[in-house]
Amino acid sequence: MNYFQQALQIRLKSLPSDHHDLTSSYVNLGRINSKLNQYHKALEYFQVSLTIMSIIFKEHDKNLELLYFNIGCTYFIIESYQKVLRIQLKVMDSTKKDKLTITYKYI
């Protein structure tokens with residue numbers, strides 16, 4: 001984990017605080033903390049990544065959906081089922097909207 005923290009520190013010094021390259025560092029640290037059963041710390045890293053990704057990506061972007069999946073899994077492990085449900089509904093809703101625009105094009 002130390003290398004991932006060092007990588008994040010280097011990126012923070014050389015990039016703007018909302019640069020998309022930072023998201024991978026935050027996600028990696030979140031996943032590592034999750035594997036170490038440090039779920040609340042993992043959620044902190046995921047949340048920072050989500051804040052940046054929400055600015056950069058469209059609502060139905062695959063990277064954003066994968067991050068929501070990681071957040072949902074973490075909430076599931078700590079038994080925050082209402083939060084899991086809210087995240088799943090948000091992802092399903094954005095996916096439906098995405099598919100609807102594709103369908104509408106062919107009507």
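Among the residues of region 26-62, those that are surrounded by fewer than 17 Cβ atoms within 10 Å (Cβ to Cβ), more than 16 Å from Y3 (Cα to Cα) and either in contact with a His (Cβ under 9 Å, 6 or more places away or on another chain) or of a type in the set (A, V, I, L, M) (or both) comprise I55, I56, F57.
Of the numbered criteria (1) modelled with pLDDT of 90 or more; (2) in contact with a helix residue (DSSP H, G or I) (Cβ under 7 Å, 6 or more places away or on another chain), the one S80 fails is (2).
Scanning region 43-63 for residues that are more than 11 Å from the chain's Cα centre (by Cα) and at pLDDT 95 or above yields a total of 0.
The residue that is farthest from V48 (Cα to Cα), counting only those in region 67-91 that are among the charged types (D, E, K, R) and surrounded by fewer than 16 Cβ atoms within 10 Å (Cβ to Cβ), is E79. Of all residues in region 13-25, those being surrounded by fewer than 17 Cβ atoms within 10 Å (Cβ to Cβ) and either touching a helix residue (DSSP H, G or I) at 6+ places or on another chain (Cβ under 7 Å) or on the phi > 0 side of the Ramachandran plot (or both) number 4.
The values are calculated or read from the model by the stated rules, or taken from the named source; none is laboratory data. It should be emphasised that the depicted structure is a prediction, and the values quoted were computed from it without experimental measurement. Every residue, glycine as well, gets a Cβ built from its backbone with ideal geometry; the counts of neighbours run over all protein chains shown.
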